[in-house]
1. In percent, what relative contact order does the chain have, based on Cα pairs under 8 Å that are 6 or more apart in sequence?
2. Which of S9, G39, W74 sits farthest toward the positive end of the charge dipole of the chain, with +1 on the Cβ of Lys and Arg and -1 on the Cβ of Asp and Glu?
3. Need one number: nm distance between label points at A36 and T54, each 7 Å from Cα along Cα→Cβ, rounded to one decimal.
4. For Kirkwood radius over Cα pairs in Å, the listed values are (1) 15.3; (2) 15.7; (3) 14.6; which was obtained by calculation from the structure presented?
Amino acid sequence: MGSGNVSGSFVKLNPASTGANYYLEISFGAGAGSIAPGGDSGEIQARTNKTDWTAYNELDDYSYSAAQQSYADWNKVTLYQGETLVWGLEP
């Protein structure tokens with residue numbers, strides 16, 4: 001797919017809700033291709049940091065779970081196709 005076909009940005013929620021005031025939007029350009037129904041994208045890795053490199057407070061993060069130690073389905077992460085929610089539960 002290549003990194004040139006992937007972009008990300010933080011979007012402020014308005015209004016914010018408990019544990020969620022921003023979300024990370026990851027989008028894919030046309031060159032990324034498509035996934036067939038029932039297909040699998042494989043692993044997608046993303047890394048974020050604060051400008052001063054201090055730690056995030058994960059305890060107030062809607063999508064965080066200390067029990068989650070490996071990749072698994074997690075309905076507190078949402079997936080949209082265009083404007084349509086196709087996976088997960090919004091905060």
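Read the figures in this text as sums done on the coordinates, not as results from a lab. This structure is a prediction, so every number in the text was calculated from the model and none was measured. Using ideal geometry, Cβ is built from the backbone for each residue, glycine included, and neighbour counts are taken over all protein chains shown.
1. 22
2. Most positive-ward Cα: S9.
3. Label at A36, label at T54, 5.0 nm between them.
4. Only one listed value fits the structure, namely (1).
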